[in-house]
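A short worksheet on the structure shown next.
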Amino acid sequence: MPTESMSPSLGTGAIYRQRLRRHPSVQHLRAAAQARLPGFAFDSGDGGAGVDRGIVRNNTALDAMTLVPRYGEVTELPPADTVLFGQAQSLPIGIAPMGSPGVIWPGADRIMATAAQRAGVPFCLSTVSGITIEEAARLAPENLWVQMYRFPNNDHAIGFDMVARARAAGARALILTMDVPVRTTRPREVTAGIASPFHFTPRMVAQALRHPSYVRAFLREGIPRFASLMQYAPPGAGINEMARFAQREFTGTFNWTEVARYRDQWAGPLVLKGILHPADAEKAVALGVDAIQVSNHGGRQIEGLPATIEQLPDLVAAVNGRARVLFDSGVRGGLDVVRALSLGADFVFAGKAFLWSLGALGESGPAHALDLFADEIRSTMGQLGVTRLEQLRDCTKGRSQSV
Ligand SMILES: Cc1cc2nc3c(=O)[nH]c(=O)nc-3n(C[C@H](O)[C@H](O)[C@H](O)COP(=O)(O)O)c2cc1C
């Protein structure tokens, strides 16, 4: 089981209490990030598909979901540790895979991996991360998950080599992301001037110069690169060639035959991320995946998808205990984690919450966000009158309708 030292401070540490005064919630972190980051950096992490209606829908549906407490049993804060794929986790929340987070805060991958390892929760490394699989494994040896996009050329040579690297590095789980079949345009990225390859426009330079802490971090860490992919690009490829290489090689979403081939390549826990339809969940289970991740990519791919919390009950029913059900999109605090668990999710991930924490607090942001989650999950459990995470499912009973 997790030890005290690997757990987040769970609301007791002096440093946490001090940070709590200025940043008492994820929404406060977002506001601080908006004030502290150059506009292009904030928009590149915060913006969704279209005019952000998918993001709003995720949040609105979560906010509308209420839970029914029971009183008379609980007298102290309950623990919130759990077990996933046979591994103890100090909390039921992990850091979702995010590509190029170094645009939002230089060094983001390194900082998030370190915070996840200290806290004893999963850190998912994106295919398009700023650090390599090997470096992430050094920073988070017990907590690294590796996320894959599809590289179909040469019979998936790059993809299967990355799987081998993930295995050699000791990654605990492999995620295949299903919900990026085509590329999408995010208007806030367009208007901010974010392009691939990343380069500074004169407007971005002007914005950055007004935020000295960002410039200092940028000078320390350099231009974000696709670190794990560098070894596959032509030798000496500069940033432009690297971007063209990534565009050419990484395309489409995995078909079911390919999922089966990845299943053969990877003996550890395999997660299919971005599942929203019960029939897809059924196919995933039939192919022997260990978990589906109910996700709409945090509203970043298309804004007309259902809120994930609305889809969750049907997907839990379709899976029917044959695999784990993971959840993300719209999670903004411990209450949202508890909401998803109460509808049958086994584990929850957040993305933007951790990016905002970086924008607000830099190096110490993700640790603070994890402390906030720990504190809120435990106090929400106590408030609802449950002593264990598994009892949360009872909190949706006694109501005329769920969600
Ligand atoms: C800036 C950013 C980059 C992302 N990049 C990836 C990625 O490379 N691979 C992936 O599977 N999901 C990616 N996602 C989606 C997240 O893994 C996750 O599904 C989403 O952020 C959850 O929603 P939330 O941000 O509301 O918590 C990204 C999300 C953000 C915000």
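Quick note: the coordinates plus some simple rules give every number you see, no bench work behind them. In this text, all values refer to a predicted model and were calculated from it rather than measured experimentally. Every residue, glycine as well, gets a Cβ built from its backbone with ideal geometry; the counts of neighbours run over all protein chains shown.
A few remarks follow.
- Highest-first arrangement of 82-88, 287-293, 266-272, where packing means the average Cβ count within 10 Å: 287-293, 266-272, 82-88
- Across segment 14-396, Cα pairs under 8 Å and at least six residues apart give a relative contact order of 28 percent.
- Comparing mean-square fluctuations of Pro202, Pro366, Pro92 from a GNM of the chain with C-alpha springs under 10 Å, the top value falls on Pro202.
- Size of electric dipole in segment 14-396: Cβ of Lys, Arg +1 and of Asp, Glu -1, about Cα centre, debye, nearest 20: 920
- Taking Lys and Arg as +1 and Asp and Glu as -1, the other residues whose beta-carbon sits under 12 Å from that of Leu29 total +4.
- Neighbourhood net charge (9 Å Cβ-Cβ; Lys/Arg +1, Asp/Glu -1) for Ile194: 0
- Computed over the chain with a Gaussian network model linking Cα atoms closer than 10 Å, the most mobile of Gly159, Gly222, Gly130 is Gly222.
- Working from label points 7 Å from Cα in the Cα-to-Cβ sense, the Ala267 to Thr253 distance is 3.1 nm.
- Electrostatic tally near Arg216: other residues with Cβ closer than 15 Å to its Cβ, Lys and Arg +1, Asp and Glu -1, net +1.
- Computed extension gain for Val205 through Leu219, at 0.36 nm per residue and net of the alpha carbon distance, reaches 3.8 nm.
- Residue with peak Gaussian network fluctuation, the chain [Cα springs, cutoff 10 Å], from Ser213, Ser357, Ser295: Ser213
- Gain in span if fully extended, Lys283 to Val83, counting 0.36 nm per residue against the direct Cα distance: 69.5 nm
- Relative to the 2.2 N^0.38 Å rule of thumb, segment 197-244 has a C-alpha radius of gyration ratio of 1.37.
- Computing Rg and the Kirkwood Rh from the Cα coordinates of segment 67-181 gives a ratio, Rg/Rh, of 1.09.
- Here the translational diffusion coefficient of segment 14-396 follows from Stokes-Einstein with Rh set to the Kirkwood radius across Cα pairs; for 20 °C and 1.002 mPa s it amounts to 102 µm²/s.
- In plain terms, the chain from Val51 to Thr185 could stretch by 47.2 nm, reckoned as 0.36 nm per residue minus the Cα-Cα distance.
- Residues in segment 140-171 reached by a label modelled at Gln231 [backbone nitrogen below 14 Å; 7 Å Cα→Cβ]: 158-171
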